[in-house]
1. Need the failing condition index for residue 320 against (1) surrounded by fewer than 19 Cβ atoms within 10 Å (Cβ to Cβ); (2) touching a helix residue (DSSP H, G or I) at 6+ places or on another chain (Cβ under 8 Å); (3) within 21 Å of residue 240 (Cα to Cα), just the number.
2. Can you tell me which residue in segment 61-92 is farthest from residue 113 (Cα to Cα), limited to those that are out of contact with any Ser or Thr (no Cβ under 8 Å at 6 or more places or on another chain) and among the β-branched types (Val, Ile, Thr)?
3. Looking at residue 449, is it buried (at least 22 other Cβ atoms within 10 Å of the Cβ), of a type in the set (S, T, N, Q) and part of a helix (DSSP H, G or I)?
4. Could you go through segment 316-328 and let me know if any residue there is in contact (Cβ under 8 Å) with a residue 40 or more places away in the chain and of a type in the set (Phe, Trp, Tyr).
5. State whether one or more residues within segment 41-58 are within 22 Å of residue 7 (Cα to Cα) and out of contact with any helix residue (DSSP H, G or I) (no Cβ under 9 Å at 6 or more places or on another chain).
6. Among the candidates 238, 217, 230, 251, single out the residue that is farther than 25 Å from residue 91 by Cβ and of a type in the set (A, V, I, L, M).
7. Look at segment 31-45 and say how many of its residues are in a helix (DSSP H, G or I) and in contact (Cβ under 8 Å) with a residue 40 or more places away in the chain.
8. In segment 478-498, what count of residues is obtained for those that are part of a helix (DSSP H, G or I) and more than 20 Å from residue 59 (Cβ to Cβ)?
Amino acid sequence: MDLDTLLSFDWGAMTPEFIILGVATALSLLDLFMPKHIDRKVLGWLGFAGILAALVSLVTLMDKEATSILFDTFMLDSFAIAFKLILLVGAALVMLLAIDFHHNDGLELYKGEFFYLFLAALLGTMIMASSGDLITLFVGLELLSISSYILAGMRKRNIQSNESAMKYVINGGISTAVTMFGMSYVFGLAGTTNLMEIAQVFQGIDNPQHIYILGLAFFMIFVGLSFKLATAPFHMWAPDVYQGAPTPVTAFLSVVSKTAGFVIMIRIVLSVFGNVPVTVDGQKISMLFELQDFIAFLAGATMIIGNVVALRQRNIKRLFAYSSIAHAGYILVAVTALSPVMLDAIWFYLLAYVLMNLGAFAIIQLITMKTGTEDISEFAGLYRRAPLLAVAMGIFLLSLAGIPGTAGFIGKLNIFMGALMGNEAHYVLVSIMIATTVISYFYYFGIMTQLFFRPAAVDTKIKMPGGIAAVIIITAAATILFGIMPNLAIDVFMDLMK
């Protein structure tokens, strides 16, 4: 590639990525040369400022026409912008949690590393959202994965953290291998790694043996990504990793990483396999419609396992791990339905999930830092010790449970309606979704019982650090606002998709 070609690209499309890359590089150099006695919090605030700058630059690109650079390997389209908004907002809130995170097991020694590794993981998610090529997708995925492995094991003196990192690396390596195996079949049949070119090639494919191989490729890619999303039965790593990782890392894995996982799944599944024609009863339909039963089975199993196993959890982070698994199942319902409103429903649900889950993790982090334990009983009597904190936690739990008046309810309603308006109404899947949502009431309201109706073991007041307080206020207000006026968010998405 000569210099003229390099300069001809519209590099402005990558402004948010360049900002995150530049800030991460600067933080790594600052951490290297800063004296040991200087508090590394300043690096966190610089990282937070960098994320805000990237978010502002992304907003300025919202009116930009769809742009493709680097030979169509990087695309800035409405899909990428919409999901990057969620990724950057979620990352900014997680960074605030990380700045105020304190623990007595040695994490302070590595706090500088924490911030720039976090930005590296965020950069990976952003690359995934804009990828137009299988190689770019994989590079973004591995940048996210490798950074996440290290972040999960940052508490080097903690046995649970060591265990979580080991399990995460092993499961992540297996999932990567399976995903790459599936991608190799796609490349072998298409002769290219570019997603648009793959779609064009597969539109004319008619060899039954090739279609069979593509079916195998779909299963391998879907299973590999299911590990990343922690959907059943590929979820077993999630509870241990969520429990052992530092709370900000758990929050990141639960919301930002999961959002990125669904972004890459939608990119691959729709652009590659959505264009493969198969013949059923003499009619040609998309391969995805033929494979709906497989996705529906995974969605149903994920919802059932996540919600049922959560009933027996006493550790609050393990409980939210299974809750996260269940919510991945709800989003898979939208993927199964392939309805005209699928993208709308998934985008809004992920936005609502980021807000309500991060708000809950902010409170979990605050309580666990004060008490030194993650048992649910530590939330007993919180209403008497910190009434506003208990009310905020109640809002997040009600939203996670899907109670009307919250963003979580609107998100589930959108998925519910989409599942009934596809080519075929998925009554069984919708019934499972309703039943498992009712099951979730038991463990969500169990926490509510601790908050409002159990006596507190101690009466000491709880003081909130500024970063955690900001996260709680922003997420609680947005959860209620989007529950009452969801069009404020949905209209943004619709304007982008015009």
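1. Condition (1) is where residue 320 drops out.
2. 67
3. No: the conditions fail for residue 449.
4. Scanning segment 316-328 turns up at least one residue that is in contact (Cβ under 8 Å) with a residue 40 or more places away in the chain and of a type in the set (Phe, Trp, Tyr).
5. no
6. Within the list 238, 217, 230, 251, the selection yields 217.
7. 5
8. Total meeting the criteria: 4.
The values are calculated or read from the model by the stated rules, or taken from the named source; none is laboratory data. What you see is a predicted model, and the numbers here were worked out from it, not measured in a lab. Counting neighbours? That spans all protein chains shown, and the Cβs are built from the backbone with ideal geometry, glycine included.
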